[in-house]
1. What accessible area per residue comes out for the chain, rounded to a whole number of Å², with a 1.4 Å probe?
2. Tell me the carbon and sulfur percent of the accessible area for segment 31-140, rounded to whole percent, probe radius 1.4 Å.
3. Starting from the Cα of residue 124, draw a straight line to each of the lysines and keep only those under 17 Å, dropping any in the same chain fewer than 8 residues away.
4. Take the solvent-accessible surface of the protein heavy atoms, probe 1.4 Å, and return the percent of it on segment 153-278 that carbon and sulfur atoms account for.
5. Please figure out what share of the DSSP beta bridges in the chain is antiparallel and state it in percent, rounded to the nearest 5.
6. Set the Förster distance to 45 Å, then compute FRET efficiency between residue 200 and residue 13 from the Cβ-Cβ distance, nearest 0.05.
7. Pairwise over distinct Cα atoms, reciprocal of the mean inverse distance: report the Kirkwood radius of the chain in Å, one decimal place.
8. Rounded, prolate or oblate, given the Cα gyration tensor of segment 10-127, with a/c below 1.5 counting as rounded?
Amino acid sequence: MKAITYANYGPPEVLQLGEIAKPVPKDDEILIRVRAVEATKTDCEIRAFKFSVIWYWLPLRLWLGITKPRRQFLGGYFAGQIEELGKNATGFSIGDAVFGAAQMRVSAYAQFVTVGTGVNIVLKPGNFDFTDAAAVPLGGLNALHFMRRAQIKPGDRVVINGAGGSIGLHGVQIAKAMGAQVTAVDTTIKEALLRRMGADEFIDYTKEDFTLGDRKWDVVFDMVPGSDYAACIQALNPGGRYLSGNPRLSVMLRSILTSWFTNKTATCAFAQESKEELLALKQMIEEGKIKSIVDQVYPMEQAAEAHRRVETEQRLGAVVIAMGAVAD
Ligand SMILES: NC(=O)c1ccc[n+]([C@@H]2O[C@H](COP(=O)([O-])OP(=O)(O)OC[C@H]3O[C@@H](n4cnc5c(N)ncnc54)[C@H](OP(=O)(O)O)[C@@H]3O)[C@@H](O)[C@H]2O)c1
């Protein structure tokens with residue numbers, strides 16, 4: 001089968017399309033024909049081994065490979081069809097269209113992937129094609145996790161910093177579905193898309209600092225590493241919640257003090273990504289609360305281009321790689 005691999009850390013050109021053995025599912029595994037996979041910011045960060053938060057460096061380098069990547073594959077967020085079931089694998093039928101999230105446990109930059117029964121896959125929403133569906137799990141699961149932890153009430157004023165990224169775009173839609181008044185912070189090229197996703201207000205961070213001025217927020221959802229933590233906390237109303245998906249070590253420590261000693265709470269977390277959350281996203285898609293946010297679809301041969309597109313930050317939505325023929 002065809003797979004996109006990378007033998008060394010480096011720029012997008014290290015991604016190579018080649019032939020590797022098609023995986024065979026064990027008794028409790030499922031073989032999926034991958035139709036589409038999201039090329040995520042995290043894939044790019046792993047490929048280049050370049051992370052904006054420095055404390056990730058040592059643990060990740062030990063885990064992923066010191067001199068070169070131990071696992072030469074990427075892609076944990078995908079959509080596809082069930083091709084084969086191990087003899088003890090249950091819950092799906094051959095031919096079922098599914099979408100899923102396996103973080104770094106599978107390598108879906110390939111035509112086929114085997115997943116254990118513990119991996120989060122559920123039936124694909126009927127109203128999304130494979131490319132639309134592949135664009136949801138990373139951003140959707142992370143955004144849902146944080147928006148639930150924010151305990152949003154109808155009417156809450158929520159600001160999402162870095163709203164134009166995969167996680168932020170879902171955050172806007174989920175916060176709106178929860179009844180919030182949403183302000184999106186990003187660059188101007190993303191304003192129209194963010195308003196289409198439901199943002200009530202837009203702030204261009206290159207022109208205005210959302211933490212300054214008289215406006216206060218009930219929730220600050222911050223996906224931008226290096227934000228001014230004290231300013232974000234200052235910008236919260238009493239009882240306000242700050243959530244960071246990309247925290248520096250100092251922010252993690254300060255967040256504990258904020259939650260203990262003030263009337264505000266600060267949460268720094270990694271989303272766990274559960275099947276229940278994926279099912280909730282599927283339902284929101286089918287109810288029209290989450291829209292398709294695909295920027296561009298690239299064939300496997302242009303995986304490096306796909307990564308370049310993600311890294312330019314010019315994309316309006318998710319970048320997807322289609323396996324084989326452009327996914328339908
Ligand atoms: N905590 C978790 O569980 C978790 C899970 C997955 C990923 N992450 C991390 O979360 C980060 C965001 O993920 P993502 O996939 O949403 O990334 P992304 O798609 O690159 O989105 C980041 C967005 O923030 C914007 N931005 C950059 N600087 C900004 C600033 N100073 N103020 C406001 N907006 C700014 C970017 O736009 P421009 O650059 O065009 O300005 C871009 O639209 C990644 O670094 C990833 O590693 C965390």
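The values are calculated or read from the model by the stated rules, or taken from the named source; none is laboratory data. Computed from a prediction, not measured in an experiment: that's the story for all the values here. When we count neighbours, we look across all protein chains shown, and the Cβ atoms used for this are built from the backbone with ideal geometry, even at glycine. These area figures cover heavy atoms from the full protein model, side chains too; ligands, DNA and RNA do not enter into them. Shrake-Rupley method; radii C 1.70, N 1.55, O 1.52, S 1.80 Å.
1. Details: 13940 Å² over 328 residues.
Accessible area per residue, the chain: 42 Å².
2. Numbers: 2390 of 4320 Å².
Reported share for carbon and sulfur atoms: 55 percent.
3. Partners found: 275, 282, 289, 291.
4. Working: 3080 of 5370 Å².
Its accessible area is 57 percent carbon and sulfur atoms.
5. Working: 31 of 58 bridges.
Percentage antiparallel, nearest 5: 55.
6. Details: r = 41 Å, r/R0 = 0.92.
Given R0 = 45 Å and the Cβ-Cβ separation, E is 0.60.
7. 20.2 Å
8. Details: a/c = 2.01, a/b = 1.93, b/c = 1.04.
Taking the square roots of the gyration eigenvalues as a ≥ b ≥ c, segment 10-127 is prolate.
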